[in-house]
Amino acid sequence: MMINIVQDVRAFVVAAIDDLISQGVLPQGLDLARIAVEPPRDPAHGDLATNAAMVLAGAVKQNPMALAEQIAPAMMAREIETGDYCGHGLVVTPARPGFLNIRLAPEVWHAQLRAVLRAGTSFGDSRLGAGERVNVEYVSANPTGPMHVGHGRGAVVGDALSSLLAKAGFAVHREYYINDAGAQVDILARSLYLRYCEALGEDIGAIPEGLYPGEYLVETGRALAARDGGKWLDRPESEWLGPLRDFAIEEMMALIRDDLTALGVHHDLFASERRLVNEGAIDECLAALDRRGLIYTGVLEPPKGKTPEDWEPRPQTLFRATQFGDDVDRPLKKSDGSWTYFAADIAYHRDKFRRGFANLIDIWGADHGGYVKRMQAAIRAVTDGKAALDVKICQLINLFDKGAPVRMSKRAGTFVTLREVIDEVGKDVFRFIMLTRRNDQPLDFDFAKVTEQSKDNPVFYVQYAHARAASVMRHATEAFAPAELSDTALIDAPLDRLTDPAELALIRQLAQWPRLVEGAAEAHEPHRIAFYLQDVAAQFHMLWNKGRDEATLRFILASDPELTRARLALVRGVAIVVASGLAVIGVEPVEEM
């Protein structure tokens with residue numbers, strides 16, 4: 001039997017339908033790809049359910065319920081013949097409007113628990129990706145200051161998604177794109193020059209509008225003054241702009257890397273926009289598009305509704321984005337003749353493709369939502385449709401402290417820095433909370449609530465489940481030798497003694513982990529991991545509380561060591577799956593709380 005019970009049962013359903021086809025009961029050539037198996041919404045209906053009859057009814061020209069009544073005995077007959085699910089332990093019941101509810105013998109679930117103990121935290125590992133290379137670009141914050149909380153959300157989503165894809169069998173490459181060319185880094189250099197003058201005793205007055213006012217540049221200005229002394233004072237901008245820009249970018253990237261390290265985020269490559277510019281990659285890319293007739297000079301029609309920032313009523317150099325699914329063609333040059341950000345981004349994504357990545361995922365901030373279709377169109381154009389881009393937009397975070405909004409930072413001047421939040425609540429809390437909502441939904445983050453020790457705090461609730469499991473195992477050492485409590489030893493525990501509905505429900509929940517990994521990886525939705533872990537924790541805490549009310553359901557029973565060993569196997573199974581899930585989202589499982 002496979003570790004992925006849902007995949008295993010689906011294969012069994014398909015085999016039973018193949019039996020009906022070979023018997024001439026059903027026609028040849030049926031499309032079985034849409035057959036799905038999943039847990040029913042109501043556990044009272046069974047362990048699993050399949051839509052097989054409903055998706056095949058049209059092709060075989062039968063009523064779904066009538067077809068379900070044919071498939072059910074075919075599954076039962078196959079079970080009797082093969083014994084895949086413990087002989088006569090399989091029960092298949094048709095249910096309106098055409099579902100097939102499947103109930104498996106308890107022994108099947110006991111085998112799943114053994115699979116968890118045997119695999120350890122590698123339980124849930126999948127070959128779904130088959131080693132396919134995936135490029136995940138995330139954070140990519142402009143090197144103009146420390147990261148803010150919004151960057152942190154993108155960092156966590158991208159990092160967790162990368163780990164999820166790796167667990168599902170993809171070869172993942174984690175990338176950060178440094179926007180170190182263009183106007184914003186020139187503004188950074190001018191802002192630094194003021195702080196440099198200030199460090200040398202000059203009176204700079206108020207920071208002019210349009211420059212970066214953050215206190216973080218005070219330290220950078222002092223560092224520059226310490227390195228260069230008064231070298232740049234009273235020099236024209238043309239002499240100091242380049243050197244100060246290089247110094248500022250290096251310092252800001254060091255700041256950003258330090259913040260990423262504090263969050264437990266790493267990248268395989270920091271790609272430089274300036275490198276693309278200096279190597280002529282942007283010119284080359286756009287020339288290639290021009291040769292294909294995909295660039296022209298034209299005047300865009302005035303847009304309906306809100307006017308986008310890149311629309312101007314003048315002749316412009318335009319990319320034929322509409323040929324590749326976008327709503328309008330897009331400008332490639334600014335009025336001063338320099339390339340737009342879009343032009344540089346096209347060249348950058350083409351560079352990813354030329355490095356061997358056809359499967360591209362970008363994690364962007366909320367202000368980039370209108371940028372998605374043009375970028376996807378550009379990638380279709382520069383790769384001849386051989387590459388695909390999925391963009392995950394991370395919506396805004398609303399910061400609160402005991403219900404009161406928090407918006408300002410002493411250090412950054414205009415926003416709360418990521419580091420301030422990490423220092424306040426810790427990286428594990430921040431990472432977990434960032435995944436308690438879908439990335440495309442706004443997220444409320446209250447400093448007081450995310451650190452309180454209560455069941456209303458999801459990160460505490462899940463961490464406490466792992467700590468509680470560890471506590472049970474520590475207490476068990478009073479009655480058992482350490483060797484008897486190893487995962488290898490617990491595999492041989494009499495798991496058939498686990499018969500309570502709550503125990504079996506918890507095992508079924510643990511057995512869903514491989515299916516959850518594959519589904520979340522396919523959908524590029526790492527938040528499903530946090531949701532699932534909360535469900536596992538809820539089931540485990542419920543069983544614990546049930547043991548408090550009914551002494552016979554306690555995990556450790558001095559009067560029955562064999563039943564105790566079986567329940568300890570279940571406790572270890574919980575700890576393993578929780579640790580496996582927390583590893584994906586980059587949170588440490590704790591042993592004590």
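The values are calculated or read from the model by the stated rules, or taken from the named source; none is laboratory data. Note that the coordinates shown come from a computational prediction; the quantities given were computed from them, not determined experimentally. We place every Cβ from the backbone using ideal geometry, glycine too, and count neighbours over all the protein chains shown.
Here are the numbers:
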{"read-out": "Matching residues in segment 36-64 - criterion: being closer than 20 Å to R515 by Cβ and free of Cβ contacts under 8 Å to residues at least 12 places away in the same chain", "value": "R41, D42"}
{"read-out": "Tally, over segment 446-468, of residues that are among the hydrophobic types (A, V, I, L, M, F, W, C) and within 11 Å of V590 (Cβ to Cβ)", "value": "5"}
{"read-out": "Some residue of segment 42-55 being assigned to a loop (DSSP other than H, G, I, E, B), over 31 Å from the mean Cα position of the chain (by Cα), closer than 30 Å to A489 by Cα and outside the structural domain of I576 (by TED's automatic domain parsing)", "value": "no"}
{"read-out": "Top-ranked residue of segment 75-105 - restricted to ones that are in contact with a Gly (Cβ under 8 Å, 6 or more places away or on another chain) and assigned to a helix (DSSP H, G or I), ranked as farthest from A15 (Cα to Cα)", "value": "I80"}
{"read-out": "Verdict on G547 being surrounded by 14 or more Cβ atoms within 10 Å (Cβ to Cβ) and touching a residue at least 60 places away in the same chain (Cβ under 8 Å)", "value": "no"}
{"read-out": "G124 vs. criteria closer than 16 Å to S580 by Cβ and crowded, with 22+ Cβ neighbours inside 10 Å", "value": "yes"}
{"read-out": "Test: residue in segment 469-492 that is more than 21 Å from A168 (Cβ to Cβ) and among the basic types (K, R)", "value": "yes"}
{"read-out": "Among (1) part of a loop (DSSP other than H, G, I, E, B); (2) small (G, A, S); (3) within 17 Å of T414 (Cβ to Cβ), the one test that G230 misses", "value": "(3)"}
{"read-out": "Any hit, segment 515-525, residues being hydrophobic (A, V, I, L, M, F, W, C), outside any helix (DSSP H, G or I) and surrounded by 15 or more Cβ atoms within 10 Å (Cβ to Cβ)", "value": "no"}
{"read-out": "Matching residues in segment 9-65 - criterion: being β-branched (V, I, T) and over 28 Å from P106 (Cα atoms)", "value": "I21, V25, V55, V60"}
{"read-out": "Criterion: under 24 Å from A181 (Cβ atoms) and either of a type in the set (V, I, T) or modelled with pLDDT under 95 (or both) - qualifying residue of E301, E312, E284, E279", "value": "E312"}
{"read-out": "Selection within segment 253-289 - over 15 Å from K352 (Cβ atoms) and in contact with a Phe, Trp or Tyr (Cβ under 9 Å, 6 or more places away or on another chain)", "value": "M253, L255, I256, R257, L260, L263, V265, V277, D283, L286, L289"}
{"read-out": "Residue in segment 489-500 that is small (G, A, S), assigned by TED's automatic domain parsing to the domain that holds S580 and over 22 Å from I5 (Cα atoms) present", "value": "yes"}
{"read-out": "Of all residues making up segment 250-283, the number that are in contact with a strand residue (DSSP E or B) (Cβ under 9 Å, 6 or more places away or on another chain), over 22 Å from D362 (Cα atoms) and in contact (Cβ under 8 Å) with a residue 40 or more places away in the chain", "value": "0"}
{"read-out": "Only listed residue being of a type outside the set (A, V, I, L, M, F, W, C) and closer than 30 Å to S191 by Cβ, chosen from G83, G131, G158", "value": "G158"}
{"read-out": "One residue from D246, D259 being modelled with pLDDT of 95 or more and crowded, with 17+ Cβ neighbours inside 10 Å", "value": "D259"}
{"read-out": "Cβ-Cβ under 6 Å pairs, at least 6 apart or on other chains, segment 332-352 side at negative phi, far side surrounded by fewer than 21 Cβ atoms within 10 Å (Cβ to Cβ) and among the small types (G, A, S)", "value": "A347/A281"}
{"read-out": "Test result for A155, among the hydrophobic types (A, V, I, L, M, F, W, C) and within 24 Å of W513 (Cβ to Cβ)", "value": "no"}
{"read-out": "Top-ranked residue in segment 174-199 [being in a strand (DSSP E or B) and in contact with a helix residue (DSSP H, G or I) (Cβ under 7 Å, 6 or more places away or on another chain); ranked as surrounded by the most Cβ atoms within 10 Å (Cβ to Cβ)]", "value": "Y177"}
{"read-out": "Boolean, M408 is touching a Lys or Arg at 6+ places or on another chain (Cβ under 8 Å) and either at pLDDT below 95 or not basic (K, R) (or both)", "value": "no"}
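Okay, residues lined up against (1) buried (at least 18 other Cβ atoms within 10 Å of the Cβ); (2) assigned by TED's automatic domain parsing to the domain that holds V571; (3) of a type in the set (A, V, I, L, M, F, W, C); (4) in contact with a Pro (Cβ under 7 Å, 6 or more places away or on another chain):
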site: A33; (1), (2), (3), (4): no, no, yes, no
site: V37; (1), (2), (3), (4): yes, no, yes, no
site: A68; (1), (2), (3), (4): yes, no, yes, yes
site: A72; (1), (2), (3), (4): yes, no, yes, yes
site: M76; (1), (2), (3), (4): no, no, yes, no
site: E81; (1), (2), (3), (4): no, no, no, no
site: R96; (1), (2), (3), (4): no, no, no, no
site: L113; (1), (2), (3), (4): yes, no, yes, no
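Okay, residues lined up against (1) among the small types (G, A, S); (2) within 30 Å of N359 (Cα to Cα); (3) buried (at least 19 other Cβ atoms within 10 Å of the Cβ); (4) out of contact with any helix residue (DSSP H, G or I) (no Cβ under 6 Å at 6 or more places or on another chain):
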| position | (1), (2), (3), (4) |
| --- | --- |
| V172 | no, yes, yes, no |
| G201 | yes, no, no, yes |
| L211 | no, no, no, no |
| G214 | yes, no, yes, yes |
